[in-house]
Amino acid sequence: MRFCNWFAGVLWGWPMMILIFSCGLIFSIRTGFFQITHLGYILNNTLGKVFRKETNRGEGVMTPWQAVSTALAGTVGNGNIAGVATAIAMGGPGAIFWMWIVAFFGMMTKMVEVSLAVEYREKDSQGNYYGGPMYYIEKGLGPKWKPLAKFFAAMMVLGALGTAVWVQPHTMGMAMREAFNIPPIWTATVAVLLTALVIIGGFKRIGVFCEKLMPFMCLFYIIASLVIIIANITALPNALVLIFKSAFSPTPAIGGFAGSAILLTMKRGMSRGMFSNEAGMGSAPMVHATAITDHPIRQGLFGAF
């Protein structure tokens, strides 16, 4: 545990924060802040296509909406609720500001990485498409970068074991125990059985399942958030002021010396923000690489969305 805490501190130091911010900033500048200037275009070609029920053109396994639903399934709830609460507890209210910053610039980071995943994806003998950072690192940068691609793939396996396999079941188990006094082992058992039923059907069944479930999850999340905000509407102005002031305040939520307070707030906000939207993590592009599309940017818009 001591080593993990030390490694996390090193990993989420200034170099990582500068890298995350710089990538999103560079992509935003080079595209003329596409996430703002073409917001209507993004919505029209993502959410608009879903409501218009347009026929998907191109090749792939999942529909674009199934791909984005599958990617969202890993963040809505655990990343957006538990992650935000942890960020505030560890970094103070100001961490929310830095989560907003990561989300804003992360829109372009995610659009780029999803587009690259589709551009450099591969097709197996059974007609299944697969891709991700490990493929576009090698194919886009050249064979000499293959060791980096392998290293990324290995780290993704370890990351999956530490997040999807442990964090989410643990969060569900603790929530069910606190709310209904259900032992975590029972929650984990049910989660394993339901997951097995879904993944046995392959990519297609995973996409169909997430496509049906995610709209209800997102709708419930949005409605619950609005209800909480409306119920506390009188405190909203002060809460916003506190968020912006705390983002640059020398007083963190759990103490610490003044010189490290702002850094702690930024670290918690950026790290949880990245975990919340997956921009730059590399997991979402793997899912989007299976999408049915005739152009990489078309699917990249779903990444920004």
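The values are calculated or read from the model by the stated rules, or taken from the named source; none is laboratory data. What you see is a predicted model; the values in this text were computed from it and never measured. A quick note on method: Cβ atoms are made from the backbone with ideal geometry, for glycine too, and the neighbour counts reach across all protein chains shown.
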Out of the residues in segment 50-64 meeting the condition of being in a helix (DSSP H, G or I) and under 22 Å from the mean Cα position of the chain (by Cα), tell me which one is modelled with the highest pLDDT. Pro64
Condition (residue is in contact (Cβ under 8 Å) with a residue 12 or more places away in the chain, β-branched (Val, Ile, Thr) and within 30 Å of Gly127 (Cα to Cα)) applied to segment 21-39: is it met by at least one residue? no
Do we find that Gly106 is at pLDDT 85 or above and outside any helix (DSSP H, G or I) in this structure? no
Give the residue that is farthest from Gln66 (Cα to Cα), with candidates limited to residues of segment 216-239 that are free of Cβ contacts under 8 Å to residues at least 60 places away in the same chain and surrounded by 12 or more Cβ atoms within 10 Å (Cβ to Cβ). Ile229
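To keep it simple, each residue is scored yes or no on (1) within 16 Å of the chain's Cα centre (by Cα); (2) closer than 20 Å to Trp14 by Cα.
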site: Val84; (1), (2): yes, no
site: Ile101; (1), (2): yes, yes
site: Thr109; (1), (2): yes, yes
site: Glu119; (1), (2): no, no
site: Ser125; (1), (2): no, no
site: Tyr130; (1), (2): no, no
site: Pro147; (1), (2): no, no
